[in-house]
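Let me begin by presenting the structure, written as structure tokens, before commenting on it.
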Amino acid sequence: MNARQFLVVLAATALFLVMAASFLGNVNWPNSPTSIPVYDPNATSNNGIANRMFESFAITIILIAILLGAAMIGGVYLAKMDEPGKVGP
């Protein structure tokens, strides 16, 4: 096993141990469900997750939507190609 493979195994093991510790650790779960305000159309403050997201990160959400749309169109275009690697009709 060379040094690169050893580092990959070491990184994967460390990630697994961190995930296992987070799942198996002492977590104080609530006894009853809590309500999360999702959207309040009459809100005058930052109540609700949707209100906060669209007021604070509106441009970011729009850019992410454009990027995901372009990726979806590109994926469909690549999937419809007749021959792999050939571009155009």
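The values are calculated or read from the model by the stated rules, or taken from the named source; none is laboratory data. These numbers come from a predicted model, not from an experiment. Virtual Cβ from ideal backbone geometry, glycine too; neighbours counted across all protein chains shown. Keep in mind that these areas ignore ligands, DNA and RNA; they rest on the heavy atoms of the full protein, side chains included. Shrake-Rupley method; radii C 1.70, N 1.55, O 1.52, S 1.80 Å.
Candidates are the residues of the range 22-50 that are closer than 30 Å to Ile61 by Cα, of a type in the set (A, V, I, L, M, F, W, C) and open to solvent by 70 Å² or more (accessible area, probe 1.4 Å); the one that is modelled with the highest pLDDT is Ile49.
When Met19 is tested against (1) modelled with pLDDT of 90 or more; (2) surrounded by 10 or more Cβ atoms within 10 Å (Cβ to Cβ), only condition (1) is not met. Under 8 Å by Cβ, and 6 or more places apart or on different chains, what pairs join a residue from the range 55-76 that is open to solvent by 100 Å² or more (accessible area, probe 1.4 Å) with one that is aromatic (Phe, Trp, Tyr)? Partner pairs satisfying both residue conditions: none exist. Contact map, the range 1-23: residues that are part of a helix (DSSP H, G or I) paired with residues that are open to solvent by 100 Å² or more (accessible area, probe 1.4 Å), Cβ distance under 9 Å, separation 6+ or inter-chain. Pairs shown: Val9/Met1.
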